[in-house]
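Right, one structure below, let's go through it.
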């Protein structure tokens, strides 16, 4: 049976590669499950080619057209979609059922927000509609049941509405994500704004000692070397060697072990760009499988860093194949309202703080060969790919690359 977590992970890496290709020399950081949540909520009300394109971008293609009755419970992640009103000639009746992918997505979100570990993970979805705008009740009910998205009426003629949505996002992310929607970003004719906010805070299972943090060189590229606060500890870690790629991968678990940060580091100092295209959902799942790693004592060096990245994802999503949703002529969102709608903008903002205590964030298959002797040092002193993953469901919550701390 098709699985949503595999779809989310494939979408995560596709989005990462798209952002990386347009930000080649810059760090990248996002929460793909946050973006996927908003697009999935949108797909509930999409029809025809518009729905097919959104599902293709989300990698929901393996799911059949069989539909199930909306189930019951969940919560969710950081970004927003704004949609603008137009006149639509044809409308489709609301569907009384939803796709299997939405039920699975609901189950994953419920698991993520029910963690029993020492980590804090909060996922929240919201629908903000123009006051008295005629939304179809079946759509509202489905989004509320499946994605636990609250519905609030606002007057988009007033800028206070934009500020109110931003305050909601700030509250959901413990004030880490501010001004998701910049001034003038929500059109006065907007009908609906879909928002997903995610907040994560986790302490390392084995924290770094602040006393061991020393200034150390980080090699950004062949011409630039910067001095960074380099954390250090010696302990037992899961490490995998990817000989075919000339890289290695480190598992840094958070307290309780339900979530981990995985760091993919190339042996070649400036080799990340060469292997980025080889990372797939299947290969990453294989590389990060603990049975394929060796648990041994390592001297780990990791830079302390913070990232805050903002994106208008519209152009990226169009490149990835979600074209019609943004077109006033072609968009079919008739499952949301009998009044025609099209997507105007998609905003995403993500924040991460990695330090000695842990992390605060608000974002071809190759054979693995384990050599008999692993190198005793894992020193992260050049650009690397990283992701934060829920180990049980194998779902990527955040991912990116650090080019310079």
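Bear in mind these aren't lab numbers, they're just calculated from the coordinates by the rules spelled out. Quantities reported herein were computed from a predicted structural model and do not represent experimental measurements. Backbone-built Cβ (ideal geometry, glycine too); neighbour counts: all protein chains shown.
Any idea how far apart residue 223 and residue 269 come out in nm if each label point goes 7 Å out from Cα toward Cβ?
So the label points at residue 223 and residue 269 sit 1.6 nm apart.
Rounded to the nearest 0.05, what FRET efficiency do residue 234 and residue 392 give with R0 = 35 Å and r taken as the Cβ-Cβ distance? Could you check?
Numbers: r = 29 Å, r/R0 = 0.82.
The formula returns an efficiency of 0.75 here.
When the chain is fully extended, how far beyond the present Cα-Cα distance does residue 160 get from residue 49, taking 0.36 nm per residue of separation?
Here the answer is 36.4 nm.
Sum -39500 (n - 2.57) across every DSSP H segment of at least 4 residues in the chain, then divide by the residue count to get the 222 nm mean residue ellipticity, nearest 500.
Taking each H run of at least 4 residues, the total per residue is -7000 deg cm²/dmol.
Which residues does a label at residue 216 reach in region 276-320, if reach means a backbone N under 17 Å from a point 7 Å past the Cα toward the Cβ?
297-306
Report, for the chain, the % of DSSP beta bridges that are antiparallel, rounded to 5. Write down the numbers at each step before the final one.
Details: 87 of 95 bridges.
So the antiparallel bridges amount to about 90 percent of the total.
Residue 144 to residue 188: FRET efficiency via 1/(1 + (r/R0)^6), r the Cβ-Cβ distance, R0 35 Å, to the nearest 0.05? Intermediate results must be reported in sequence, preceding the final value.
Working: r = 26 Å, r/R0 = 0.75.
Working from the Cβ atoms, E equals 0.85.
Fully extended, how many nm does the chain gain between residue 294 and residue 243 (0.36 nm per residue separation, minus their Cα-Cα distance)? Please list the in-between numbers first.
Numbers: separation 51, 0.36 × 51 = 18.36 nm, distance 1.42 nm.
Here the segment from residue 294 to residue 243 would lengthen by 16.9 nm.
Per 0.36 nm of contour for each residue apart, how much would the distance between residue 329 and residue 304 grow if the chain were fully extended, relative to their Cα-Cα spacing? Write down the numbers at each step before the final one.
On the way: separation 25, 0.36 × 25 = 9.00 nm, distance 4.82 nm.
4.2 nm is the gain from fully extending residue 329 to residue 304.
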